[in-house]
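S.K.: Sharing a structure here in structure tokens format.
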Amino acid sequence: MSDTSTPFLTDVKVLRDRARQHLEEGVVTRSYEGDAAKTIEILQSVLATELVCVLRYTMHSISASGISSEGVKKEFAEHAREEQEHMMSVAERINQLGGKPNFNPDGLATRAASQYAEGRDLVDMIRENLIAERIAVDHYRELIRYFGDHDPATRTMIEGILRVEEEHANDMHDLLVAHEGRPSLAH
Ligand SMILES: [Fe+2]
Ligand SMILES: [Fe+2]
């Protein structure tokens, strides 16, 4: 899956568009009751995003190889654990709102705003994770604005997740610089 011929910037645009899709579908009603179904729908895509992040980081933590990969593998494993905590919080929130968290593997990739990219080598893995983290950070910032004051509980949860995703992005950025000498993303 990592060896697609599509340039990654195009992928990122598609993923960001997908992440935004639910927001643009309608910020129609501001009353919470009216938005519960919408909130659940949005959180299902956040759940899928986190789940894909768990899978990607777990896979990377096991298959990363090469000189100086041990420290990086530990970092990937730690991120996988934190993504799992996010996944659990979001699933709990969906449940609280009366929804059923969607863990169905069918369609998981299309529900998620992040991508399951294997990465060709260690640096490529780090880069894929950095891309995924940046998409998550962008998306969660938008969600925080979206939930605003009409659902402070969901907003606060996303704020907590965002803080960790920002640390993740920072970790991946630092690793990329350490292993490649420069951050190689163009944006
Ligand atoms: Fe996460
Ligand atoms: Fe993350």
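The values are calculated or read from the model by the stated rules, or taken from the named source; none is laboratory data. Note that the coordinates shown come from a computational prediction; the quantities given were computed from them, not determined experimentally. Quick reminder, even Gly has a Cβ in these numbers, built from the backbone with ideal geometry, and neighbours come from all protein chains shown. Heavy atoms of the whole protein, side chains included, go into the accessibility calculation; ligands, DNA and RNA do not. Shrake-Rupley method; radii C 1.70, N 1.55, O 1.52, S 1.80 Å.
S.K.: Filter segment 119-151 down to residues that are without any contact (Cβ under 8 Å) to a residue 12 or more places away in the chain and within 19 Å of Ser45 (Cα to Cα) and give me whichever is surrounded by the most Cβ atoms within 10 Å (Cβ to Cβ).
M.R.: Checked segment 119-151; the qualifying residue surrounded by the most Cβ atoms within 10 Å (Cβ to Cβ) is Gly148.
S.K.: I've got another one for you. If a residue has to be open to solvent by 40 Å² or more (accessible area, probe 1.4 Å) and within 16 Å of ligand 1 (Cβ to nearest atom) to count, how many in segment 62-96 make the cut?
M.R.: Number of matching residues: 9.
S.K.: Give me a count of the residues in segment 156-187 that are in contact with a helix residue (DSSP H, G or I) (Cβ under 7 Å, 6 or more places away or on another chain) and open to solvent by less than 50 Å² (accessible area, probe 1.4 Å).
M.R.: Within segment 156-187, residues that are in contact with a helix residue (DSSP H, G or I) (Cβ under 7 Å, 6 or more places away or on another chain) and open to solvent by less than 50 Å² (accessible area, probe 1.4 Å) number 14.
S.K.: Give me the residue from segment 35-51 that is closer than 18 Å to Ala109 by Cα and of a type in the set (Gly, Ala, Ser) and, out of that set, surrounded by the fewest Cβ atoms within 10 Å (Cβ to Cβ).
M.R.: In this case the residue turns out to be Ser45.
S.K.: So which helices (runs of 4 or more DSSP H) are wholly in segment 97-187 and hold at least 3 residues that are away from ligand 1 (no atom under 16 Å from the Cβ)?
M.R.: Hits in segment 97-187: 122-147, 152-180.
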